[in-house]
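The values are calculated or read from the model by the stated rules, or taken from the named source; none is laboratory data. Please read all numbers here as calculations on a predicted model, not as lab measurements. A quick note on method: Cβ atoms are made from the backbone with ideal geometry, for glycine too, and the neighbour counts reach across all protein chains shown.
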């Protein structure tokens with residue numbers, strides 16, 4: 001079990017992304033041997049400790065796998081901001097928990113639309129990738145990660161779906177007609193990736209199957225709870241008593257959340273036993289955990305499931321709390337753990353974690 | 001006069017909907033009785049966003065024993081009670097309360113979304129302060145407003161709605177004027193070229209239909225004006241149940257029909 005110090009995690013999560021870049025040189029103290037992006041991924045598959053189930057979401061998303069790696073950045077989500085910070089730090093391989101191109105299919109160009117000069121053919125740059133995943137839009141319950149993923153299906157988006165839900169198909173250019181303008185966000189991201197010859201690999205499905213769950217392990221480290229662990233699955237902690245309000249505030253502070261953290265339950269209730277539901281979880285997981293703890297700290301749940309359950313429990317006057325920190329925020333500590341683990345199998349190059357931060361802010 | 005039963009209320013809903021062009025689909029697992037049944041005598045009707053314990057209790061105290069929620073009662077979309085029965089904390093308390101107070105619950109979801117206007121969209125627009133006159137066409141769910149910034153728009157939404165747990169992604173200084181609205185999970189993606197801001201209910205943060213939060217974060221880095229205002233599933237659909245109460249009232253004149261709020265879901269740390 002890789003230990004992540006609380007100070008180190010906080011530094012990297014809150015302000016670390018802007019910290020001084022580490023110095024990188026292929027002939028530095030890290031030695032003269034070169035390692036390609038494919039080499040790194042091959043070592044991950046060999047050492048990860050869970051069966052590699054083939055071509056799922058954990059694939060190269062863009063860039064040439066034969067690229068010689070100058071440095072590795074792990075991140076919760078490969079936003080353009082994170083990619084820029086990776087380049088500033090001298091890294092050219094980014095390993096991300098969340099998609100890079102806004103869908104599970106992770107295509108670098110939107111359907112039927114040019115991604116813009118320099119990056120439009122991003123898909124073609126990816127070698128060694130098997131059959132592309134289905135590009136069918138829509139929730140993918142089968143891919144939902146985290147413990148206790150229940151059989152209860154998410155609500156299908158059937159009724160009255162607005163037309164703009166998926167990128168609209170663009171007319172094919174015909175002689176004499178202008179091609180539709182490229183999506184400026186795809187284009188800008190592709191351009192930056194091409195210019196800096198970045199390689200992006202997604203690592204989430206297999207990584208989060210490790211025991212203990214790296215997201216839970218990293219979250220506990222960030223919160224200073226590791227020594228309070230109950231059992232060895234990193235999912236429950238018996239902490240010194242605090243109020244639910246104080247717990248929410250501490251999570252905000254230590255995880256660097258802005259507007260993404262939301263809570264249910266009596267603010268003044270006392271919390272001692274905390275249970276974690278990392279990632280995206282469904283109602284069965286919440287029902288299985290809440291009776292045995294004072295408060296749940298979850299990544300992401302659906303409002304009509306676990307949130308309403310917690311609302312009903314609180315309305316009945318029971319002293320139970322529920323806090324949602326957000327999916328991307330919850331992936332961050334797991335990818336901090338990933339960076340520390342990667343250092344042990346890729347000693348040739350510098351490796352660090354850069355957080356994508358909390359996507360959300362709150363209006364005043 | 002014979003007492004009004006829940007079955008009669010449902011029959012009238014089906015009849016009026018059919019007249020208005022929404023034929024009833026008996027195949028839905030959603031729009032069905034969730035507690036009690038057609039024989040229950042109705043003392044009054046409460047429409048609400050979700051069959052929360054709070055909504056049921058409030059309705060009962062107001063003398064309304066028929067609850068018409070838009071969403072589920074047992075914390076899963078299919079209202080599979082086997083899932084809820086596993087909970088030792090509140091399930092039995094809730095069911096016992098409903099039995100004791102002769103509650104009958106009939107959910108109305110799929111058929112509401114087929115009505116025009118879809119009350120969930122018109123209700124949301126009303127409750128976030130979007131003037132109907134600014135909608136580009138009836139039921140387009142697109143609004144063009146005088147140019148403002150994302151920060152000012154979000155602040156005005158919060159001021160009108162009053163809820164704390166409104167979440168926003170994007171550069172607060174981004175200049176915006178073209179808005180698309182969403183209700184519940186039917187929240188449009190933000191990447192359409194002719195949309196600056198989406199004001200919606202709920203979406204998977206990643207691996208949903210489209211990962212709008214990441215797209216807007218990248219747009220902000222590139223200086224492309226985009227915004228994502230996510231007000232919550234409850235907040236985006238509770239308001240439409242006011243419209244539903246108004247729709248129901250003339251067809252069940254025998255009893256009182258009120259909109260009862262399902263309750264605030266989330267709070268945020270001070």
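For (1) within 22 Å of the chain's Cα centre (by Cα); (2) modelled with pLDDT of 95 or more; (3) part of a helix (DSSP H, G or I); (4) within 24 Å of residue B:69 (Cβ to Cβ), each residue gets a yes or a no:
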| site | (1), (2), (3), (4) |
| --- | --- |
| B:171 | no, yes, no, no |
| B:179 | yes, yes, no, no |
| B:195 | no, yes, no, no |
| B:199 | yes, yes, no, yes |
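Yes/no per residue for (1) at pLDDT below 95; (2) under 24 Å from residue A:299 (Cβ atoms); (3) assigned by TED's automatic domain parsing to the domain that holds residue A:194:
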| residue | (1), (2), (3) |
| --- | --- |
| A:47 | no, no, yes |
| A:70 | no, no, yes |
| A:100 | no, yes, yes |
| A:109 | yes, no, yes |
When residues of segment B:196-205 are limited to those that are within 7 Å of another protein chain (Cβ to nearest Cβ) and in contact with a helix residue (DSSP H, G or I) (Cβ under 6 Å, 6 or more places away or on another chain), the one surrounded by the fewest Cβ atoms within 10 Å (Cβ to Cβ): B:202
Every residue from segment A:331-356 that is within 11 Å of the chain's Cα centre (by Cα) and either farther than 16 Å from residue A:79 by Cβ or surrounded by fewer than 24 Cβ atoms within 10 Å (Cβ to Cβ) (or both): A:333, A:334, A:336
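For every residue, the table says whether it meets (1) assigned by TED's automatic domain parsing to the domain that holds residue A:99; (2) under 19 Å from the mean Cα position of the chain (by Cα); (3) modelled with pLDDT under 95.
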{"residue": "A:164", "(1), (2), (3)": "no, no, yes"}
{"residue": "A:169", "(1), (2), (3)": "no, no, yes"}
{"residue": "A:174", "(1), (2), (3)": "no, no, yes"}
{"residue": "A:188", "(1), (2), (3)": "yes, no, no"}
{"residue": "A:194", "(1), (2), (3)": "yes, no, no"}
{"residue": "A:198", "(1), (2), (3)": "yes, yes, no"}
{"residue": "A:201", "(1), (2), (3)": "yes, yes, no"}
In segment B:80-112, which residue that is facing chain A (nearest Cβ under 10 Å) and in a loop (DSSP other than H, G, I, E, B) is nearest to residue B:184 (Cα to Cα)? B:109
Qualifying position, being part of a loop (DSSP other than H, G, I, E, B) and within 18 Å of residue B:264 (Cα to Cα), among B:54, B:71: B:71
Please name all residue pairs, on different chains or six or more residues apart, with Cβ atoms under 8 Å, provided the first residue is in segment B:74-99 and is assigned by TED's automatic domain parsing to the domain that holds residue B:33 and the second residue is surrounded by fewer than 17 Cβ atoms within 10 Å (Cβ to Cβ) and at pLDDT below 95. B:77/A:153; B:78/A:153; B:78/B:29; B:79/B:29
Taking segment B:211-261, which residues are more than 8 Å from chain A (Cβ to nearest Cβ), in a loop (DSSP other than H, G, I, E, B) and touching a strand residue (DSSP E or B) at 6+ places or on another chain (Cβ under 8 Å)? B:225, B:231, B:252, B:255, B:260, B:261
Go through segment B:43-72 and count every residue that is more than 9 Å from chain A (Cβ to nearest Cβ) and either under 15 Å from the mean Cα position of the chain (by Cα) or over 22 Å from residue B:102 (Cβ atoms) (or both). 9
